[in-house]
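Each value in this text was obtained by applying a stated rule to the coordinates, not by laboratory testing. Since the structure is predicted, the reported quantities are computational estimates derived from the model, not experimental observations. Virtual Cβ from ideal backbone geometry, glycine too; neighbours counted across all protein chains shown.
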């Protein structure tokens, strides 16, 4: 019986080590999404219009919920993509990246 338990523990540990950790809403992920053309269907990215944060100097005046709505609207309208769920990690990552641009 102890050999079965030991084998089970070994397999569980091997699985845990081999499964990559989910990337959370990091600034780096937000930057990658900001520069990616995969958010929409027209070949553009957020950085197409906002290279180096151009035009985003007033984002500090918005609360997170408001800014998430603006991000989603830009994805839907400017990039011709689908809005993110308000709880999506990608949306949180984009928000974190935009907040990192504040001076």
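Annotations for the structure displayed:
- Relative contact order of region 23-100, taken over Cα pairs closer than 8 Å and 6 or more residues apart, is 48 percent.
- A simple spin-label model places pseudo-atoms 7 Å from Cα toward Cβ; at residue 51 and residue 28 they are separated by 2.6 nm.
- Overall dimensions of region 23-100 by Cα: Rg and Dmax, Å: 11.2, 30
- Each of 100, 45 has some number of other Cβ atoms within 10 Å of its Cβ, and from fewest to most they run 100, 45.
- Contour minus Cα-Cα distance for residue 38 and residue 64 (0.36 nm per residue): 7.0 nm
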